Each structure stands twice: as structure tokens, then as C-alpha cells.
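Notes for the one structure printed next.
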Amino acid sequence: MEAVLALAIGVLTASGVWLVFRPRTFQVVLGLALLSYAVNLFILAAGRLRTDAPPIIGKDVVDPTLYADPVPQALVLTAIVISFATTALLLVVLIASRGLTGTDHVDGEDDQ
Amino acid sequence: MSDARLLILVLALPFLGSILAAFLPTRARNAASFMAGLIGLIASALLLSFYSTLATGQTVRHVAPWLPSLGLDFTLRLSGFTWLFALLVLGIGTLVVLYARYYMSEEDPVPRFFSFLLAFMGSMLGVVLSGNLIQIVFFWEMTSLFSFLLIGYWHHNQSARDGARIALIVTCLGGVCLLVGMLLLGHIAGSYDLDVVLGRGDIVRAHALYLPMLILILIGAFTKSAQFPFQFWLPHAMSAPTPVSAYLHSATMVKAGIFLLILLWPVLAGTQIWYLIVVTIGLATLLVGAWSAIFQHDLKGLLAYSTISHLGLITLLLGLGSPLGLVAAIFHTVNHATFKASLFMAAGIIDHETGTRDLRKLSGLMKFMPITATLAMVAAAAMAGVPLLNGFLSKEMFLAEALESQSGTLLDWALPILATLASMFSVLYSIRFIHQTFFGPPPVDLPHTPHEAPHWMRLPIEILVLACLVVGIIPTLTIGPLLQIAVRSVLGDRTPDYSLAIWHGFNMPLLMSVIALVGGVLLYRRFGGRLNAMTNSPFIGRLKGRRTFETVLAALIDGASALHRMVSTKRLQVQLRILIVVTLAAGSIGFLTYGYSVGNGPTIMLDPIFAVLWILGGASAIGAAVQAKFHRLAALAMVGVAGLSTCISFIWLSAPDLGLTQLLVESITLVLMLLGLRWLPQRLPEFWPGGRTPFNVRLRRGGDILIAVAAGLGAAAIAYAMMTRPEPEGISRFFLEQAYHGGGGTNVVNVILVDFRSFDTLGEITVLAIVALTVFSLLRRFRPAAESVELPVQQKVQNAFDAGREDREHGDTAAHYLLVPRVIMEWMFPIILTCALYFLIRGHDLPGGGFAGGVTASIAILLLYMASGTRSVEARLNIQPVRWISVGLMFAVLTGMAAWLAGYPLLSTYFSYLELPLIGDMPVASALLFDIGVFSVVVGTTALILIALAHQSIRTPRAPKPEKAPDKIPDMEGDT
């Protein structure tokens, strides 16, 4: 499992980095989306992988070893919402910049 | 006896007044000045109430711990000396307010002026009352800032803007030096508390870092107090309104440096190097200022240079390092403030009533304004050091000290001669000021016919001149006790015996005074007539302080931009490449130093389905990367597949909350992107000449692939190394154990978000709200590019079909588009909303919560928009996202603040269980209320963004000609 997840993070990162290097804004938005998947998975992995142990506890005495680590999950939950907000903002900025500059190049002007 | 806490009030009053004044209407001249004057009076009265305490030699302190671990406390401290100085700041400030009421024109935005003036008064009081080194620097910078605003008050005037800029740059440069100096001083003394530092003078003076610290602090003080070679900013600051000059450039701002030197005198003074630097600089300033003042043609310019010269005199006195020198310095600071403020005000009246300040044009004003003339004459006599006036007393002390000084250097014999010379110059320019303005033939060609100023405008001058006289004639009864308190608070046991008598018998200082007076008169008789014809100060006219300053500044700016061009680029792609390559390099250092190894912690057996999932997910990610340029829709779909794989992984790996939220957010993001796609330009494959991709393009792409692969490998390697090692003991145990008993919820992730770490969540929803508003305002003004405005092909075909048939109306086909799914989608609305509420309520115990609920609710709204179209939804349903956001934020904040009522810190939660029939035990935690706030903000944010984007499609395109009626600014609620 660990190896597959690590490879998945790697592939997502590589595709994301390639895309954020591209000159067109839409590519950059997609690249950031892929990068945020990679980062979220990475943060979750920092709590180590557990299956079938969601951090929904019983009401009695709690044995922490039985549950997945809730802290990375809380972090990722925040990150998901924030990355939604940044994606939305970026998308709108690129639309506005396209309207203002007439191009979808990240620098606001084509290089050739 | 007064409470130390009253000091907070003294300090806060001017700032409160400043804020109030800023909100007054532009023409409220009387209200603003009345309030400012009242504040000055109240603060002065409060300050006076400390007299009895301070008279016993005590120091009043009020300490409010702020960052005690860093030695940073908010400390207010009042000693005899700071009391006297604060009184000066407030007293002259109040008089200036009265004066400014009559000086400022009705056309000027006067409340703004008073707002700045009060803020400056507060900052100056801050410098004076601070008992912590860093706090002093903080208020010091504020005085620079507000003096900038005050000097540049007539900002339509180029010279005002230039003067303000020069003053700001010079004093802020000094401010930076001062900050470093103060940090060093605090480091040497072991504390930033002023009283502690004052007690450790011996340690400080013996320390190895004494010299750099001293130089830095002196640069700070010298720039502020316009000492040579930084004196050039002061004459340029004369473009300020005269009340500003009367206040800042006589009594306060320029005295801040002097104040600091006196304050730190017991710690810093007394070494040979102190003597050499401070005496030399003071002497140079004294002479340069006095000499230049003689040749000024502008009344205020003359006064500015005279101020520079008097500041030099005080600096020189402090440099001598003798207790008597300090007494004379404090005394002269007060005296100079009184006579110079009144002279500036008199110059302002002359300017106001005649329309010019040019000495060459002014003449014979005695007949037109006898009272102002008399007042100015007395004040100028005080400046020249004529007996029976306050200036005479302190100048006498100065001359005596100049004689006394013994350092074993050339300065010993030069000092008395140069001091007499400077006094002679002072007499000379004082006579010139008076004689050319008030005597001689009646003036010709003045812009206005001169007449006496209104009585209330003269009153401040009358009070100040009266002070000059009273102090000059009966010093022991007036200034004596105050001076004694001030001196004692600085010197303590070293307080010398001094006498404030007018007559000390025939002695050397008196002889020097007489020489200066007689010499000055003779020089004026001999050369006075020629001064008007001179355009430059002889000898030192070559010292172009301003030109040097501008040259240095220009060189700095050019150098910075050249450096920027050399090492940086405007191109974002290049910057990003550099950033990621550097990150990669930084990451590799760890691997290269310590090697890479896989851990041996417990791992989970691979489930083949998981592998298949990620073969799919990984392939889509790569596919998206390849297709994003030409096939946007396909790339978007593939990103979606990668997102779904992520989502399934979350659920697989015991994070149901994440899976749920990710799934919901994924849907919203997809719709968002689809809405955005329409506004992007069409992209066709490049055609390179010769059919081959150019080499540089291939090189760039190859490089990018290399970096991307390296980044991916690095991320995978780190992730794998991390996951195969056992998890160290973190803080999770605490959360798991406390979630139910401390937070009343069994879903630990949710409890962390809305209870343990709810402050973070509060910050996060604030970010969401800001993003939503930014999106909204960006799109408000947005007009799509021309080629995107056209109707899509399908709609054109449909409309053509409608137009071709007689039985069909325009838009019928589009209206019946996907009728069945549409009805189902509309019916789904209440169901999805219920689901959203369910997510919200159960969130504390089971997967769900405010975020998930909020996103679900906005999906319901979104489906409705998709099904029925923007116009038809908004005809029936009035969603006001901005209200949802504001109500949500308020809900969250108020819930958090409710904890204060129970005496707990912000955002503490309360919970219990409620028995409900049918539903059973329902947890009622205040965290649920907080979560409702989160829910509301999320609904508002997503709805606002999506609706704003959706509205772009129904916008009317920009009117082709701007001269047509201004196009309606569409807003969320109205534009349907």
C-alpha cells in the first residue's frame, strides 16, 4: 500500500509541476489542482496508513491505538476547503486577466 | 497623587481625537479645532495632576506585560524631565491648535489637518512617555510618519511633496539606525526597560559594542534633530503649513532627538568619544545653521536655519558631558521652544496678512500690525539672547560652559571663540528679521494690503511671549522648580548647584554676551544692506545637502533596479522554475548528507484494487498534463478522475470526513471550471516554420520534464521513507482522549476543527469570505473578450430552428432542453438541502460537519441554476450570498465571544445532551453553533462565486461606444 501511495503522490506531483510550468493559465490551474491532491495525500500519509480505523470514537474510555491519527485529517480537511478557494480565485483571476490583456498567457503577454 | 493608569488616558486621548477628527465633515473647521484644543487642555490637566508626585522625586510607572519573554512590555513612565517635555508638547500643541484654527483656510480640509496633528501629538507623547526602548522607537517612527503627512498636507504643491519625502527618508533612515542602536543597547544592558538601562551606565560604557551602538543611536537622534550633515531636510520641510512648522520644527519633532540624548545622557555620556562626536557635530551645526540663517530671504527659511543652529547649541551642551551642561541643555530646550514657536506663528501671521514671506519684499509693517510686530520683536530678542528674556539666561549658561570645558584637545580654546561667534550671528539674523520686516519705508507690491491679525490668532503668541518675559525676569519663581524637578530626575545625586539669577556680576560669559550683541549690531549696520542682494550663503553655499541627497538616492534606485534586472525577471515561469529548482536542491541536501534509507515500521499488505485505482488515477494525471493545452475538457475530466482516486483513497485510509468533503468539493470545482472554460481563447496546435519544433522550445520542455520528474521522484521517495517508519508520539493521543469528554463529540476530526482548533477554523472561514468578495469584485468589472461573447453554436442552431417555424417562439427549444432531467433536478432541491442539514447536525459525532454541509447546500443551489437557468431561478429565489457570509461570520465570532460572558477565553465551548422525542439523545454543543456559522459562510462563498461566474453569460456585452449612457453596473441581486 505504502509504495503505491508513494508512487501516486510522485505521479501527481510530477504532472502538477509540469503543468504549473506551462505558459497558459488554464494549465496552471489544473497543475495546482493536481499538486493539491498530492499534498493532501502526503499530509494524510504523515499520520501513517490505517485501514478500517476511522477516528470516530466510542463514548467510553478511548484506546488511541485503535484509531487513525485525526490531526492530519483535520489539517487536510482545512486544506481541501482552502484549495477550493484558491482554485476558484485563480480561475477568476485568469478570466479577468484574459479579459483585460486579451491573452491567457501567465505573464499577460505572449512571448513571441 | 495620581494613578499611573491616567497616563494611558493622556496617551490615548490624542489618538482618539485623531480618529474622531478624521470622520468629521470636510468643512468642520470649528468642530475639529475645538475638539483638538479640548483634548490638549484635558491631557495637560491630567499631566499637571502628577506634579505633586514628581516633586518628591518619584518616577511614575505603568507596566502592561505584552511579550514578557522577549522583554517587551508596554511601559509608560513619567519622570520629572519627561513630564516637563510632555507638558511642552501638550501646551504648545494646544496653542498651535488655536492658531491653526485661524490660520487654515476654509477651503482646506481642516479636520484632516487636525487629525494628523493630533496623531502627531499622540506619537510625540508616546516617545516621551515610553519606558521601554523598543516602544520609544515605535512611537519615534510614528512621529516620522505623521510629520510626513503634515509637511505634505498641501499635497497639490510640488515643493510640499518633495519636502515631505525628504524629511521622511532622512528621519526614517535615522529611525532604522536608532532601532538597531536600541537593540544593541538593550542587549548590552540586558534589558529593554528604560529604568533598568539607566541604572547600568557603567556596564554600557565599558562594553565592547559601546561605539557602534553609540554611533547608531546618535545617527537616529541627529537625523531627527537636523544636525549636520543631515540638517538639509529641515529647511525643505518649511513648505508645511506654518502651524506645523511652529509645532514640529520648534518644540516637538526636531526636539525628539535632543530629548533622546538627554534621556540616555546618564548612560551614554561621559566618554571621550561621546565628547568628540557630539561636541563636534553640535558645534558644526551651530555655526552652519547660524551662518546660513543670515543669508535667507524667506522668513521661515531664516527661522529654520536658526532652529538648526539652536539645536546644534543644545547638542553641543550635551556633548560637553558636564552636569551643568545638561542643565543648560534642558533649560535652553524649553526656552527655544517658546520663542521659536512664537516666531513661527508671527511669521505665519505676516505671510497670512501680506501674502509673502520674502524679506526683500517686506518692509515697514510696524505701522500696519503694531501688536504682532511688538510680539515678534520680544521673541526675536529672546532668540538673540537679550537680557531680561529667557534666551539670555540659557545662553549665559552656555557661554559659561563653553569656557569651562576641558578635554585637552583643540576644542578647549576654540569653543569659547566659536560660541561667541555663533551668538553674534544669532544677533545678526535676529536684527535682520525684525528690521527688514517691521521697519523702513512702507511696503510696495504686496499681494494683500497688510493689517493686524484677528485677536484669537495672536493670543498664542502673546501667551508664549509672556512666558519668555516672565521666565527671563523672575526665573527662580517660574521655571525654577520645574527645571529642578527635571534636572534631578535625570541626574539624581549628580545634580549640580546652579543659579538662575539674571545678574552674576561682571564675568567672562557676560563679556562674551556683550561682544556678541554689540558685534551683531555692528555687523548688521556694516553689511545688512548687502544681504538682500546675495543669492547664496558664502563659503558653505557649496554644501548642497539636498543635491547630494538626491544624487545618492537616484544612485541607490538605479543600482537597485540594475541589480533587479540582473538577478531577476518579470517572467513568472522563470521565477517558478528557479523556486522549484532551489526547493529541489534544498531537499536533496538532506538526502546527500545523510543518505536515503527505507524504514522498517509496520506496513499494510497491498490490496490489488488499490493498485488498480492508482494505475487509473496516475494515468489520468499524466493524461491531464499532456492534454491540458489543446483539449481542455478532456484534461478537466482526467483531473476529475485523479481527484476521485484521491477521494477513494481517503475513504480507504480511514478518513471518511475527507472523502466526503473531497467528493463534494470536487463536484463544485468541476462546475466552476466548466463555467470558466467558455471565457478562454480557442487554442489551435502551433505551426512552427519548417514543421519542426524549434530547438529552444524543445530544450525548455525537456528541462521542464526533467524538473517535474525529479520533483515527482523526490516527493515519492520522501513519502515512502516517511510511511515506512513508525509514527512518533504526537499530540493525537490528547485529541482522541479528550474529544468526547472535553468536546462532547465522537467525530474527533470535527471536534478538532470546531473546538480544539476553532480559532484556525475561524481564520479559514474568514479567508473564504475574503476570496468570495474578491471574486465578486473582480467579476463585477469584468467584460469578456469580444470573441467569447457570441452565442455558442448549439444555441444559434436552436434559435434558427425556432425562427424558421411559425408555431415556435424564440427560445422554445432551449427552454425544453433536457426537460425530464430538469424536473428531477428541481425536485432534488429540498432533498439535497435536507441532506446538507443532516450533515451539519451530525457532524460532531459522525462524518459531516459545517464544511461538508455547506458545500452540499450550495450543490443544491447549483443544480437548481443548472436545471432552470439563471433568470428563472432568480425570478423565484432570492439568494443573497453576501448576507449568508456576513451572518455566518458573525455567528461564529459571537458564539466564540459568548465564552467571555462565562469568564472563559475566546471560543471555549460548552456542551450537553438534549433528550428529544423520536430522535433521541441529541448533542447540543456550542460548537454546533460555531459550525452553523461555518456552514453559512461556506454556502455564501460557493454560491457567490458560482453565481458571479454564471452571471457572466447573461451579461450584455460592453457597449461599443463609451459616450453612450453609462452601462449599468450589474450586481448580484439585481442583474437578472
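Derivation of every value follows stated rules applied to the coordinates shown; laboratory data play no part. Since we're looking at a predicted model, the values are computed, not measured. Note: ideal-geometry Cβ built from the backbone for every residue, glycine included; neighbour counts use all protein chains shown.
Which residues does a label at residue B:582 reach in region A:5-46, if reach means a backbone N under 18 Å from a point 7 Å past the Cα toward the Cβ? The answer is A:21, whose backbone nitrogens lie closer than 18 Å to the label point. Cβ crowding within 10 Å, taken as a proxy for footprinting-reagent exposure, orders A:59, B:361, B:300 from fewest neighbours to most as A:59, B:361, B:300.
Averaging over all projection directions, the Cα-based convex hull of region B:283-395 occupies 6.8 nm² in the image plane. Region B:268-283 and region B:418-442 have Cα centres lying 30 Å from one another.
Computed packing ranks the peptides B:376-386, B:275-285 as B:376-386, B:275-285, most packed first, by mean other Cβ atoms within 10 Å. Rg and Dmax over the alpha-carbon atoms of region B:47-119 stand at 17.5, 51 Å. Each semi-axis of the equivalent ellipsoid for region B:78-237 is √(5λ) with λ an eigenvalue of the Cα gyration tensor; in descending order they amount to 32, 19, 11 Å. In whole angstrom, region B:269-537 maps to an equivalent ellipsoid with semi-axes of 33, 21, 15, each derived as √(5λ) from the alpha carbon gyration tensor and ordered largest first. Hey, how many Å between the Cα centroid of region B:857-896 and the Cα centroid of region B:1-52? Here the two parts' Cα centres lie 47 Å apart.
Around the amide H of residue B:925, modelled in the peptide plane, lie the amide H atoms of B:912, all under 5 Å away and 5 or more residues distant in sequence or on another chain. The orientation-averaged shadow of the Cα convex hull for region B:614-745, equal to a quarter of the hull surface, comes to 12.2 nm². Taking 0.36 nm per residue of separation and subtracting the current Cα-Cα distance, fully stretching the chain between residue B:521 and residue B:5 would add 180.5 nm.
Applying 1/(1 + (r/R0)^6) with r as the Cβ-Cβ distance of residue B:61 and residue B:202 and R0 = 30 angstrom yields a FRET efficiency of 0.85. Between the C-alpha center of region B:71-131 and that of region B:136-176 there is a gap of 16 Å. With semi-axes defined as the square roots of five times the eigenvalues of the C-alpha gyration tensor, the equivalent ellipsoid of the protein assembly as shown measures 71, 35, 30 Å, largest first.
The Rg/Rh ratio for region B:386-492, using Cα coordinates for both the radius of gyration and the Kirkwood hydrodynamic radius, is 1.10.
One equal scatterer on each Cα of chain B, no solvent, Debye formula: the resulting log10 I(q)/I(0) at q = 0.06, 0.07, 0.08, 0.09 Å⁻¹ is -0.67, -0.84, -0.96, -1.05.
Note on residue B:692 and residue B:463: the model spin-label points, each 7 Å out from Cα along the C-beta direction, lie 8.9 nm apart.
Label zone of residue B:603 (point 7 Å out along Cα→Cβ, amide N under 12 Å): in region B:697-737 this covers B:720-725. Each of B:835, B:468 was scored by other Cβ atoms within 10 Å of its Cβ. Listed from fewest to most, they are B:835, B:468.
Descending by average beta-carbon neighbour count within 10 Å, the peptides B:891-902, B:545-556, B:764-775, B:233-244 line up as B:233-244, B:764-775, B:891-902, B:545-556, the highest first. Peptide packing for B:697-705, B:81-89 was compared via the average number of neighbouring C-beta atoms within 10 Å per residue; ordered from the highest value, the list is B:81-89, B:697-705. Each Lys or Arg adds one and each Asp or Glu subtracts one; over the other residues with Cβ under 13 Å from the Cβ of residue B:26, this totals 0.
Here the residues B:171, B:354, ranked from fewest to most Cβ neighbours within 10 Å of their Cβ, fall in the order B:354, B:171.
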